[in-house]
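**Q** Below is one structure. I have some questions about it.
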Amino acid sequence: MGEQPLYDFAPLLELMGLGALIALVPLLWVWRRNRGAGPTRYLAALGVLTLFLTFDLVLFGAFTRLTDSGLGCPDWPGCYGSSSPIGALHHITAAETAMPTGPVTLSKAWIEMIHRYLATMVGVLIIALTVLAWRTHRKTPLHGPRHPAWASITLVWVLIQGAFGALTVTMKLFPAIVTLHLLGGLVLLALLCVQAVGYQQGVRNQEPAPVTRGLRTALWAVFALIFVQVALGGWVSTNYAVLACSTFPDCNGSFWPDMDFAQGFEIWRPLGLLSDGSHISFAALTAIHYIHRLAAYVVVIAALALAIAMRRQPALQAQSKWLLGLTALQVATGLSNVVLDWPLLAAVLHTGGAAALVTVMTWALAATRCSPAPQQEARSGARRVSA
């Protein structure tokens, strides 16, 4: 296993072809359901479906990480230079025989490669979305989040995500890289969500609903809080610090346990080690876990207050319900991770809930705009009267 090159591009064309073949299924499904409806409606349907499948990819990425399958194939982009674990069976069997509970087993190799197949499929869908957006734009100019520049930015971003996926493997689950890969996936979801909302508004001839500047500010503030909390949660997960606190509401019998913040938040270091090569302490893992828990209290209070405020806006009532439900889900799954010793289902749902929260907040922001100031409205009204 140690002689295997970290990068082996021999199976790259096969992987790209397989990804394109998988992507044909959703592409044909969208075409069949929207046949004859025009490119604008087709673009809207493809945008929503790509967002949905990207969300599924984020969930499967969490499953890959939580089953310790991130190194199921120790090279990139294939598996021991093959496009599937079938072609790498000899190498996988040898590695599993040498270390039965190690990072390379047949099941982990399949999980890792399925994740790569799904990622390639999403990349193909984003390419198709970009091409269709530019073709539609040439016939009927698109504006705002419907402008094809958004799709082009998304395409560049998914390539960056692919690079971080490669680094996740070749740098052996380096915590900072794995966390950035998670956050990059959430940025990808946000980019696709902005476009999906914009395409739907275009089909329905709608404009973003006007809301007060205070509510828009609150939406951005809670979005930022959630994103920071997800980063902290990613740091907990990638450092395997979930079980550093085994009790709730205290932590190992104390409301302020022994913690080492300097070690815990030393960002650039290998998994389980410090930059000087020594092992990270349990106090550092406790600090990582407890900061995430303390921040969760702030996020939950802010999210609940915002959800109540959103309910007063007809355009945000659906997002308000989602925000309430997902916040409850995050509390339940977060507690389950602690008191039930990190069950796989709860852990995957916790990551999925975080991704869904980012998507819902992006949806709320994309569906609204600041209402004009009274003076500006008065001037606009005067101009309309004079005209």
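**Q** So, residue 165, is that one farther than 30 Å from residue 292 by Cβ, under 15 Å from the mean Cα position of the chain (by Cα), at pLDDT 95 or above and not assigned by the TED database to the domain that holds residue 358 or not?
**A** No: the conditions fail for residue 165.
**Q** Would it be correct to say that residue 170 is without any contact (Cβ under 8 Å) to a residue 60 or more places away in the chain and either open to solvent by 10 Å² or more (accessible area, probe 1.4 Å) or not assigned by the TED database to the domain that holds residue 234 (or both)?
**A** When the stated conditions are applied, residue 170 does not pass them.
**Q** What do you reckon, is residue 156 in a helix (DSSP H, G or I) and free of Cβ contacts under 8 Å to residues at least 12 places away in the same chain?
**A** Yes.
**Q** Name the single residue, out of those in segment 269-283 being more than 22 Å from residue 71 (Cα to Cα) and without any contact (Cβ under 8 Å) to a residue 24 or more places away in the chain, that is surrounded by the fewest Cβ atoms within 10 Å (Cβ to Cβ).
**A** Of everything passing the filter in segment 269-283, 276 is surrounded by the fewest Cβ atoms within 10 Å (Cβ to Cβ).
**Q** Still on this structure: Somewhere in segment 311-319, is a residue out of contact with any Gly (no Cβ under 7 Å at 6 or more places or on another chain), at positive phi and at pLDDT below 95?
**A** no
**Q** While we're looking at this one, here's another question. Do we have any residue at all in segment 56-79 that's over 26 Å from the mean Cα position of the chain (by Cα) and open to solvent by 30 Å² or more (accessible area, probe 1.4 Å)?
**A** Within segment 56-79, not a single residue is over 26 Å from the mean Cα position of the chain (by Cα) and open to solvent by 30 Å² or more (accessible area, probe 1.4 Å).
**Q** Tell me which of these residue 93 doesn't satisfy, since it passes every other one: (1) at pLDDT 95 or above; (2) among the hydroxyl-bearing types (Ser, Thr, Tyr); (3) crowded, with 17+ Cβ neighbours inside 10 Å.
**A** (3)
**Q** Also, I was wondering about something else. From 327, 333, 351, 286, grab the single residue that is over 26 Å from residue 173 (Cα atoms), of a type in the set (Ser, Thr, Tyr) and touching a residue at least 12 places away in the same chain (Cβ under 8 Å).
**A** Exactly one of 327, 333, 351, 286 is over 26 Å from residue 173 (Cα atoms), of a type in the set (Ser, Thr, Tyr) and touching a residue at least 12 places away in the same chain (Cβ under 8 Å), namely 327.
**Q** Could you look through segment 208-220, keep only residues that are in contact (Cβ under 8 Å) with a residue 24 or more places away in the chain and assigned to a helix (DSSP H, G or I), and pick out the one that is least open to solvent (accessible area, probe 1.4 Å)?
**A** If we take residues in segment 208-220 being in contact (Cβ under 8 Å) with a residue 24 or more places away in the chain and assigned to a helix (DSSP H, G or I), then 219 is least open to solvent (accessible area, probe 1.4 Å).
**Q** Suppose we keep only residues that are part of a helix (DSSP H, G or I) and not hydrophobic (A, V, I, L, M, F, W, C) within segment 221-268. Which one would you say is most open to solvent (accessible area, probe 1.4 Å)?
**A** Once the filter is applied, the top-ranked residue is 263.
**Q** Follow-up. With respect to the numbered conditions (1) at pLDDT below 95; (2) assigned to a helix (DSSP H, G or I), which one is the sole condition not fulfilled by residue 342?
**A** (2)
**Q** Among 327, 351, 333, which is the only one that is farther than 30 Å from residue 263 by Cβ, at pLDDT 95 or above, of a type in the set (Ser, Thr, Tyr) and assigned to a helix (DSSP H, G or I)?
**A** Unique residue meeting the criteria: 327.
**Q** Let me ask something else. Checking residue 88 against (1) touching a residue at least 60 places away in the same chain (Cβ under 8 Å); (2) more than 23 Å from residue 178 (Cα to Cα); (3) in contact with a Gly (Cβ under 8 Å, 6 or more places away or on another chain): exactly one of these is not met. Which one?
**A** Of everything listed in (1) touching a residue at least 60 places away in the same chain (Cβ under 8 Å); (2) more than 23 Å from residue 178 (Cα to Cα); (3) in contact with a Gly (Cβ under 8 Å, 6 or more places away or on another chain), residue 88 misses just condition (1).
**Q** A further question follows. Hey, among 146, 204, 216, which residue is farther than 24 Å from residue 291 by Cβ and touching a strand residue (DSSP E or B) at 6+ places or on another chain (Cβ under 7 Å)?
**A** 216
The values are calculated or read from the model by the stated rules, or taken from the named source; none is laboratory data. Everything numeric in this text was worked out from a predicted model, so none of it was measured. All Cβ positions, glycine included, derive from the backbone under ideal geometry; neighbour counts span all protein chains shown. To get the accessible areas, we keep the full protein, side chains included, count just its heavy atoms, and leave off ligands, DNA and RNA. Shrake-Rupley method; radii C 1.70, N 1.55, O 1.52, S 1.80 Å.
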